[in-house]
Structures are given as C-alpha cells and as structure tokens.
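Comments concern the structure below.
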Number of protein chains: 2
Amino acid sequence: MNISILSIGDELLAGDTINTNSSWISRKSTQIGCNVSRQITCKDQKEEIFQALNYLNESQPEYIVITGGLGPTDDDITRKTLFEYFKVKEIFDEDYWQKLKRRFHKLGIEIVESNKSQAIKPSMGETIANPIGSARGYSFLKNNTNYFSLPGVPYEMKSMMTQTILPQFEKNIKSPIFREIIRTTGVVESSLAENISKITKTKHECKVGYYPSLHGVDIRISSISAKKVDHLFIALKNFLGDTTYTDKKNNMEEIIVKNLSRLRKTIAIAESCTGGLIGDRITNVPGASEVFKGGVITYSNRSKQEILGVASDLLKRYGAVSEKVAMKMSYGIMKKFNSDYGLSVTGIAGPDGGSIEKPVGTVFISLSNQETTKVEKFMFGKDREKNKIKTSQAALNMVRISL
Amino acid sequence: MNISILSIGDELLAGDTINTNSSWISRKSTQIGCNVSRQITCKDQKEEIFQALNYLNESQPEYIVITGGLGPTDDDITRKTLFEYFKVKEIFDEDYWQKLKRRFHKLGIEIVESNKSQAIKPSMGETIANPIGSARGYSFLKNNTNYFSLPGVPYEMKSMMTQTILPQFEKNIKSPIFREIIRTTGVVESSLAENISKITKTKHECKVGYYPSLHGVDIRISSISAKKVDHLFIALKNFLGDTTYTDKKNNMEEIIVKNLSRLRKTIAIAESCTGGLIGDRITNVPGASEVFKGGVITYSNRSKQEILGVASDLLKRYGAVSEKVAMKMSYGIMKKFNSDYGLSVTGIAGPDGGSIEKPVGTVFISLSNQETTKVEKFMFGKDREKNKIKTSQAALNMVRISL
C-alpha cells in the first residue's frame with residue numbers, strides 16, 4: 001500500500017523547523033507494512049500546493065497525508081487551498097464552534113475571533129476529530145486516492161494519526177512489506193558491511209541498507225517475503241553478536257532501563273562533559289525511576305572533590321580528564337547514591353580546552369559495581385554536541401555489555 | 001535566488017532517520033538571503049531519482065542540492081544514477097585512491113575494496129572536496145541549473161556545504177530576501193496573534209508567519225525590502241517586551257549562558273523530573289563552563305535530603321512535588337555549589353505517578369539567589385518527553401527574566 005506525504009509550511013523550507021512530522025508519519029506507516037513512496041515539502045502558496053499534489057498523484061498512492069497550515073492565523077492557507085483543489089464549499093459548523101468555546105473556557109484560554117476559521121467544514125468530504133487541539137482535519141477522496149489534511153503541530157497530528165488514520169491504513173493493507181532492523185554501535189559503516197559480507201553476499205533476495213548516525217550503524221532488511229527477511233535477519237544477528245544492541249526499534253536507553261529493571265539493579269551517574277545528557281536520555285524512558293537513583297553533573301573540580309570524594313592531589317597530578325579521576329568518579333557516585341552501578345564520564349567536549357597530550361574529544365568512561373571498576377578511553381571529534389552524543393552512547397553501551 | 005533540495009534515502013522514507021540535512025541546508029541558505037522553494041525526499045531508486053529531479057527542475061531553481069547515497073555500500077546508488085542522468089562516464093581517480101589509503105591508514109581504520117567506489121569521478125563535471133570523510137561530492141551544470149551531490153552523513157555534508165557551496169551561493173545572490181525572527185515563550189499561538197493584531201493589521205507589506213513548538217511561538221517576518229522588515233520588526237519587538245526572549249536564531253540556553261557570562265554570575269541546577277535535560281541544554285553552549293557550576297539529578301527523595309538538605313518531614317508533609325520542596329532544592333543547590341543562582345525543578349513527568357490533587361504534568365520551578373527564592377507552578381500535559389522539554393524551557397525562561 002503506497003503512501004505519500006506532503007508537508008506544507010514556509011518554516012520548513014526556511015529550515016527554522018525540522019520536519020519531524022514527515023518522519024513520524026513515515027515510521028508509523030512503515031511499521032504496519034505500508035510503503036512510503038514520496039515526501040515533499042512546499043510553501044504556504046496555492047500554486048505550490050497544487051503542483052505538489054499533482055506530483056504526488058503521479059505515483060498513484062492509495063493515501064496522501066498532508067500536514068500544516070490549518071492554524072487560526074492568516075498565514076494558514078491549507079484549508080482554503082484544498083477546498084479549491086477538491087472543488088468543495090465552506091460550511092460554518094455552529095455545533096463545533098460551540099464545542100470549541102466550551103473547551104477553551106474549560107482550559108481558561110480566551111477564544112478569539114480568528115478561531116472561527118477552525119469551525120469550518122467542507123460541503124463534500126469529512127472532518128477528522130482532533131482530540132487535543134482546536135484545528136480539525138479533513139479527508140477527501142479523488143481518483144481512488146484518499147487525502148488526509150492534518151494540523152502541523154506535532155502532538156495534534158500524532159493523536160489524529162493514531163486515533164483515526166493509522167487504524168484505517170492497517171485495515172486496508174493487502175500485501176505488506178516485512179522489515180527487520182539490527183542496531184549496532186562501535187563499528188564504522190564500511191568495516192561493518194565488509195565484516196558481514198560473507199552473509200550479505202549470499203542469495204538472500206532481501207534489500208539491505210546501512211544507516212550510520214552518531215549512535216552507531218543500523219542495518220535494515222526488507223522484502224515482501226517474511227520468511228526471507230527472517231532468514232537473513234537471524235543469520236546476521238548471530239554473526240554480529242555483541243555489536244548488536246537491539247533488533248527492535250528501541251534505543252540504547254530503553255535497553256538499559258529494561259535490562260536493569262529485569263535484574264532489579266540500580267544505577268547512578270556522574271557526568272562531566274556530557275552535562276546531564278546521559279541522565280536526560282535515561283529519564284526519557286517511562287519507568288526510569290525504578291532503576292535510576294540520580295546523578296551529579298560535576299562541571300567543576302570542586303564538585304568532583306566534595307560530592308564524589310575525588311582527592312585533590314589526584315586531580316592535580318592526573319587532571320580532571322584522566323583514567324584515575326574517571327574511576328574515582330564512578331566509584332564515588334555509586335557510594336553517594338547507594339546504587340548497584342556507578343557510571344562516570346569525564347572529557348573535553350570542545351571546541352576549546354584541548355592540549356597536545358589530551359586533544360578535544362578525549363573522553364574517559366568508567367563503570368563501577370561493588371566488586372570492580374573498569375575504565376575505557378575514547379577519542380571523539382572536535383564538535384561539542386556530537387562529542388556529547390557519542391560519549392553518552394559509548395557510556396550506555398558500556399553499561400549494556402556489563403549487565 | 002532559488003534553491004531546491006533533494007534527499008535520497010530509503011531510511012528517510014521509512015522514517016528511521018529524521019531529515020535534519022534538508023532543514024540544515026535550508027536554514028543556512030535562507031540565512032544568506034536565498035529562497036528555498038522545494039524539498040523532496042525519494043527512494044534509492046533510479047526512476048524515482050529521475051522523476052524527483054524533473055519535478056524540481058519545473059520551478060527552474062538556480063541550484064539543486066542533492067544529499068545521500070554516496071556511501072561505499074551496495075545500497076548507495078546516487079553516483080551511478082546521476083552519472084546516467086547527466087550522461088557522463090566514470091573515471092577511476094588513482095590519485096584520490098592513494099590519498100584515501102593514506103588517510104585511512106593514519107586513522108588506523110582498515111580500507112576495504114568497497115571504498116574504491118568513492119575514488120570515482122565524472123568525465124564531465126567536478127568533484128567537491130570532503131574535508132572529513134571519504135565520499136567526495138559531485139557538481140554538474142545543466143540548463144542553467146547547478147547540481148551539487150553530497151553525502152548524507154550530516155557532519156560531512158555540513159562541512160562540504162560550509163567550505164564550498166554556501167560561499168558560492170553568497171557570491172552569486174542578486175536580490176536577497178530579508179528576514180527577521182522574534183522568538184516568544186509562554187503565550188499560545190492564537191492569543192499571541194490576537195495580541196499583536198493591532199500591529200500586524202497595519203499596512204506593513206511583509207509576510208508574517210507563526211511557528212509554534214514546545215519551546216514557544218516564533219514569529220517570522222520577511223520581505224524583499226529590508227526597510228519594511230525592519231519597521232515591522234521593531235514595532236513588534238517593542239510591543240511584545242518580555243514575552244520575546246530573542247530576536248536572533250539563538251535558543252534559550254544560549255541566551256542564558258550569554259547573559260550570565262556578561263553579568264559574571266554562576267548557576268547550579270537541581271533537576272528531578274527533567275533528569276538532566278536542563279544541564280544538557282546549558283552545556284550544549286560552548287563556554288558554558290564559565291557560568292555553570294554543575295548540578296544534581298535528584299530522582300530519589302534520599303538524594304534530595306542528603307545532597308540538597310531538604311528535610312524529611314517537609315518531603316513527608318508536602319510531597320516531593322511541591323512548592324516547599326522546590327524552594328528548598330533551589331536554595332540547597334545554590335549553597336552546595338556555591339553559585340550565585342540555584343535553579344530547581346520537581347514534577348510528575350508521567351505517564352504514571354499522578355493523583356487527583358497533583359495530576360501528571362504538575363511541575364514546580366524555583367529559583368534562588370542570595371537575597372530571595374521564588375517559585376512557580378506549571379501544568380503541562382501527559383506526555384513524558386514533552387513535559388521534560390516544556391519544563392526545561394519554562395525553567396530557563398525563569399532564569400532569563402530574573403537576570
């Protein structure tokens with residue numbers, strides 16, 4: 001089943017907003033076996049929207065999902081444009097307007113005249129309920145293609161997709177595409193591909209893709225045959241072993257929380273160069289409070305001494321970014337929070353602060369439990385945010401391998 | 001000057017990867033006055049790439065930037081497809097291959113046979129240097145449109161854009177579009193638009209757009225007349241006052257670090273429900289170590305008591321998520337880290353853990369300095385990650401207003 005996506009919005013073309021809607025809709029549709037064939041972004045302009053729709057029609061998708069431009073302000077022209085494209089009239093929906101007034105009143109928000117535009121419905125076609133916002137969506141049918149128009153505000157779009165549109169996709173799908181994912185970390189793309197070439201060069205008849213990111217390389221396998229996907233997937237998974245951290249869509253932090261939870265173990269984290277990112281990632285996972293006792297962001301030497309008990313002469317002799325200090329930090333945080341594991345990172349995030357001996361990107365990661373403390377040195381690049389992300393991934397991966 | 005962007009990659013259409021490349025290229029091009037007219041994403045398939053290029057050609061852009069599909073693995077077909085589209089031959093570049101071998105050797109990475117594909121150059125057209133990766137880009141000229149093909153790996157693409165392509169845009173631009181942005185937080189889109197309608201309803205001849213996100217609402221003004229943009233921009237800025245946190249592309253954390261740094265003040269942060277996100281945001285800013293002394297992630301009551309000195313009967317009587325505890329936390333963290341300001345958040349991030357009295361999304365944010373401690377209550381929604389982001393923004397905004 002083919003789906004195409006049209007995102008409408010000047011802010012997307014100006015790059016002020018990253019188009020997460022398009023990838024979210026694609027991910028959710030792909031997960032249930034749909035094929036997303038095209039994504040396109042166009043301006044809040046009638047002619048551009050018309051041309052974009054014509055282009056998407058070319059590949060004759062069963063569904064076209066349109067997001068953006070349904071807000072109450074003057075720059076939101078999607079409703080008017082689509083009504084013209086589908087040759088339908090505007091009808092003012094008094095019932096919905098009353099409902100909207102009550103809803104705003106309940107939330108203590110003033111309803112303004114411009115909100116009235118959100119109570120308009122088409123003379124032909126349907127409205128799509130918006131459980132959490134004021135802008136309803138619209139659906140139209142033309143030449144066997146179903147069109148859904150949704151607001152661009154991500155959480156409103158998501159709730160409407162989940163409640164109304166994805167169930168419809170699921171009901172109507174005939175020949176789904178099967179997909180598996182294997183997520184790896186710690187090996188670069190070309191080496192990974194070469195390592196597994198013995199397996200990928202066999203006659204497996206699946207499509208294999210490699211997707212590098214700062215978190216590692218994902219391998220994606222797809223085919224219209226579930227059996228063929230399964231076969232290759234198992235062969236690769238067995239071959240890759242510990243390089244693979246999951247074969248689900250999960251991310252590393254979800255794996256860590258799940259595994260710690262299963263083992264009934266707790267962790268505490270001392271972060272220097274990552275500044276709270278590891279704690280942030282862990283606490284994005286619902287239920288993190290079961291396993292995460294807390295952490296300290298020790299950006300200063302003084303806090304490393306006072307809170308984690310790192311001796312000042314250790315800091316003086318080896319420097320804050322050193323194997324020895326990392327080890328003291330992971331042990332110190334474990335004791336401070338009385339947790340089963342203590343994780344620490346200390347490094348030079350950049351862009352400044354490096355030396356010849358310890359260039360920007362030098363990071364030490366240490367993990368303690370009651371019996372032992374281990375430490376590893378990493379060399380990442382010169383970019384501050386990238387260093388933080390790579391460090392957080394390597395640190396969480398150290399925990400994963402040790403559990 | 002018109003620019004269009006083509007992103008090639010099955011992973012983008014499957015939604016496994018968010019298309020940050022497209023928005024980055026758009027943002028950088030827009031900043032220097034270009035107009036990005038279309039963005040499109042297509043599969044790693046010859047016919048789809050051909051059709052996408054034809055569609056982009058329709059609007060006759062001066063430049064088309066293509067990303068993705070230049071890697072060393074079998075699923076990377078961009079080079080072959082473009083060579084066919086532009087009717088050029090493959091030439092193996094022995095010099096570049098030798099250079100690549102030396103570079104890999106220096107980095108201690110094994111060079112594999114498949115990397116040879118990256119040493120191919122076109123018989124007509126140019127290669128674009130890649131300062132930090134092995135895949136070079138290509139440039140072609142056809143019917144007055146310049147085509148640039150770059151790798152999809154974001155940091156490689158960015159370095160090539162910055163080094164080669166953006167300077168070329170800048171040199172060739174004739175009638176730039178002028179833009180201003182006003183970033184606001186704490187007021188919903190429809191109210192904001194209504195509030196400023198006195199100004200926006202005047203004859204200003206600019207395009208005005210509203211862009212809501214979890215961080216607030218951005219107002220964007222654009223026109224081919226710098227004077228008209230300026231006029232409206234100043235009127236709006238004066239009217240909005242403190243609702244505006246910046247009129248630059250900066251984010252809130254950059255404002256905070258800059259302002260604290262200017263005042264030579266320091267801050268320490270105690271995070272409960274945000275789990276490290278505020279620290280992470282602050283430490284994304286280069287130079288954060290000048291103003292950020294560190295923080296504590298107090299996910300447990302015990303850590304609130306031991307590290308921040310919150311009395312256990314206060315926790316018992318009012319609960320961890322309360323005005324009183326938030327105030328003790330901000331005071332406690334300021335004392336612990338000996339900083340000028342102490343910021344604290346405590347809340348129920350969800351999806352579980354709420355009660356009738358304190359539903360999921362209840363958050364208290366407190367800020368202390370040597371003289372005083374203030375606290376505010378917020379009600380956010382039910383989504384965990386969204387709550388964390390909204391909380392972090394409101395907390396940083398409280399710091400901004402207090403400086």
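Relative to the other identical copies, B:E323 shows label-point distances of 5.5 nm, where the label point lies 7 Å from Cα along the Cβ direction and values run shortest first. For the range B:177-329, the fraction of C-alpha pairs more than 20 angstrom apart is 62%.
Counting only Cα atoms, the range B:2-172 measures 43, 35, 32 Å along its principal axes, largest extent leading. Which values of log₁₀ I(q)/I(0), to two decimal places, follow from the Debye formula for chain A at q = 0.07 Å⁻¹ with a uniform point scatterer at every Cα? Per q value, in the given order, log10 I(q)/I(0) is -0.47. Per the Cα gyration tensor, the range A:178-246 maps to an equivalent ellipsoid with semi-axes of 19, 12, 11 Å, ordered largest to smallest.
Helix A:323-337 and the longest principal axis of the Cα set of chain A meet at an angle near 70°.
Once you reduce the range A:182-197 and the range B:220-243 to the center of their Cα atoms, the two points are 51 Å from each other. DSSP finds beta bridges in the range B:252-402, and of those with both partners inside it, around 55 percent are antiparallel. Expressed to the nearest 5 percent, the antiparallel share of DSSP beta bridges inside the protein assembly as shown is 60 percent. Peptides A:172-178, A:382-388, B:145-151, B:397-403 ordered by packing proxy, namely the average of other Cβ atoms within 10 Å per residue, highest first: B:145-151, A:382-388, B:397-403, A:172-178.
Counting pairs of Cα atoms in the range A:285-361, how many percent are more than 15 Å apart? Considering the range A:285-361, 58 percent of its Cα-Cα pairs are separated by more than 15 Å.
Ordering B:Q60, A:V88, A:T274 by the projection of their Cα atoms onto the charge dipole of the protein assembly as shown, which places +1 on the Cβ of Lys and Arg and -1 on the Cβ of Asp and Glu, puts A:T274 at the extreme positive end. Taken over the alpha carbons of the range B:252-402 as equal point scatterers, the Debye sum produces base-10 log I(q)/I(0) values at 0.14 Å⁻¹ of -0.59.
With its label point put 7 Å out from Cα toward Cβ, B:G186 sits 4.8 nm from the same residue's point in the other copies, in order from shortest. Only beta bridges with both residues in the range A:2-172 are counted; by DSSP, about 40 percent of them are antiparallel. Closest approach of a chain B beta carbon to the axis mapping chain B onto chain A (residue, whole Å): B:G276, 2. The P(r) of the protein assembly as shown has a tail past 38 Å containing 44 percent of all C-alpha pairs. Please report the spacing between the Cα centers of the range B:2-47 and the range A:1-50 in Å, no decimals. If you average the Cα positions of each part, the centres end up 11 Å apart. Across identical copies of the chain, B:D352 has label-point separations of 4.8 nm, listed in ascending order, with the point defined 7 angstrom from Cα along Cα→Cβ.
Helix A:252-263 and the longest principal axis of the Cα set of chain A meet at an angle near 60°.
For the range A:152-212, compute Rh as the Kirkwood radius over C-alpha pairs and then the Stokes-Einstein diffusion coefficient at 10 °C and 1.306 mPa s; write the answer in µm²/s, rounded to an integer. The diffusion coefficient I find is 103 µm²/s. Please check: in the Gaussian network model of chain B (C-alpha springs, under 10 Å), which one of B:S344, B:S366, B:S355 has the largest mean-square fluctuation. Largest GNM mean-square fluctuation: B:S355.
Whole Å is fine, so just give me how far the alpha carbon centre of the range B:255-278 lies from that of the range A:287-364. Here the two parts' Cα centres lie 19 Å apart. For chain A, the longest principal axis of the Cα atoms and the long axis of helix A:226-240 meet at an angle of about 20 degrees.
Read the figures in this text as sums done on the coordinates, not as results from a lab. Remember, it's a predicted structure, so these values are computed and weren't measured experimentally. So basically every Cβ, Gly included, is an ideal-geometry build from the backbone, and we count neighbours across all protein chains shown.
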